[in-house]
Amino acid sequence: MKICILDWTTVTSGDISSDIFREFGEVKCYPLTDNEKVAEHIGDADMLLCNKVMITDDVISKCPNLKYIGLFATGFNNIDIESASRHGITVCNAGSYSTYAVAQHTFAFILEHYSRISEYNDFVKNDGWIKSRIFSKFPIKTMELLNKTIAIIGYGSIGKAVAEIASAFGMKVIINTRTVPADCPYELVSLKEAFRRADILTVHCPLTEQTAGIINADNLSLMKKDAIVVNTARGGIVNESDLADALNHGNIAGAYLDVLVCEPMSEYTPLRNAANCVITPHTAWAPLETRIRLIDIVLNNIRAYLNGSPENQVNCPLKG
């Protein structure tokens, strides 16, 4: 079995070794692969592992030995699924590995906004407390999460985890989701109502034709001026120009984003210097424990495939 890994540095900074895949055969591992080199790097490999590299019909057609594609990701929009199926290639993703890490990152954003930890740290480091005449100096406004309304767009595993954490803080949870969930303990609302009522609007849905650009000028105009937007899902859910405009005109209080339309971040993104906008470089999923869990899922997917019972399969390959 020949195995090709195309973009190993997207899942490790040197803290996980690709040697763990040698139990399945010969491993050819590339840190990153440019699109024009994909077919060349895959070569005569039987098995391909990747994260975000584009696997097009042209690539698949040039790699006749390929029988399996394993993703270091939940999303599989970088794979031409129709072509893979037509060529008899099984494609398996890694779902639900990052649920708690993303929920944690979501609340790191929320707590930063409400408790202003970094601003108070700067205040102390700049001798603000040393110069104070009273024991408790609080020039920066903070707020409680108790009784604040959090509107959660999407009610999959991450949305549910965020709702559970919000409940523990005593928040009012409202849910907008395409599919009505069974036994949902929270109030279900329309998208417009979610924007209107939210103190915090947080997005945990996939990027689809229906969700692309839903954070736009029309919906942002419905929000309270002291409300914030959090996006740890997909960058395309946000119309970045509209969000930047809302922030710069003070129409909402802030935005906290882990994802952008263009990644790595473009110097031309309108959100680069937007007011009250905090951006992290797509790191919500990146704790070491989370990535180890991801690799374990990928390993188990391969074992299941080799045993003839694929798990987390996202396509129906035609038999040769």
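General observations
- Helix-derived mean residue ellipticity, 222 nm - over the chain, DSSP H n ≥ 4, -39500 (n - 2.57), to 500: -8500 deg cm²/dmol
- Positive-end extreme of charge dipole, the chain - chosen from Ala227, Ile214, Val11 (charges on Cβ): Ala227
- Among Leu294, Leu247, Leu32, residue whose mean-square fluctuation peaks in a GNM of the chain (springs only between Cα atoms under 10 Å): Leu32
- Under the criterion of Cα pairs below 8 Å and six or more residues apart, the relative contact order for segment 99-279 equals 17 percent.
- Annotation for segment 1-29 versus segment 203-232: alpha-carbon center distance of 37 Å.
- For Phe169, net neighbour charge (Lys/Arg +1, Asp/Glu -1) across residues whose Cβ lies under 15 Å away: -2
- Long-range Cα-Cα pairs in the chain (distance over 26 Å), rounded percent: 54 percent
- Mean-position separation - Cα centroids, segment 79-96 and segment 122-201, in angstrom: 37 Å
- A P(r) calculated from all alpha carbon pairs of segment 99-279, with 5 Å bins opening at zero, reads 1, 8, 17, 20, 20, 15, 9, 5, 3, 2, 0, 0 percent.
- Cα pair distances of segment 124-178 binned at 10 Å [whole percent]: 21, 31, 16, 21, 10, 1
- Karplus-derived 3J(HN,Hα) values for segment 173-189, using 6.51 cos²θ - 1.76 cosθ + 1.60 with θ = phi - 60°, are 9, 10, 10, 10, 8, 5, 9, 5, x, 7, 6, 6, x, 10, 6, 9, 9 Hz; glycine and proline are entered as x.
- Long pairs among Lys2/Lys319; Lys125/Lys225; Lys172/Lys192; Lys148/Lys225, criterion Cα-Cα beyond 19 Å: Lys2/Lys319; Lys125/Lys225
- With the charge dipole of segment 99-279 set up from +1 on Lys and Arg Cβ and -1 on Asp and Glu Cβ about the Cα centre, the Cα lying farthest toward the positive end among the listed residues Pro185, His204, Pro270 is that of Pro185.
- Legend: helices of the chain (whole DSSP H runs) are marked when their alpha-carbon atoms reach 20 angstrom or more along the helix axis and their mean Kyte-Doolittle hydropathy is at least -0.5; marked are 99-115, 288-306.
- Each Lys and Arg contributes +1 and each Asp and Glu -1, all at the Cβ; summed about the Cα centre of the chain, the dipole is approximately 860 debye.
Bear in mind that the values in this text are calculations on the coordinates, not laboratory data. It should be emphasised that the depicted structure is a prediction, and the values quoted were computed from it without experimental measurement. Please note: Cβ atoms are built from the backbone with ideal geometry, for glycine as well, and neighbour counts cover all protein chains shown.
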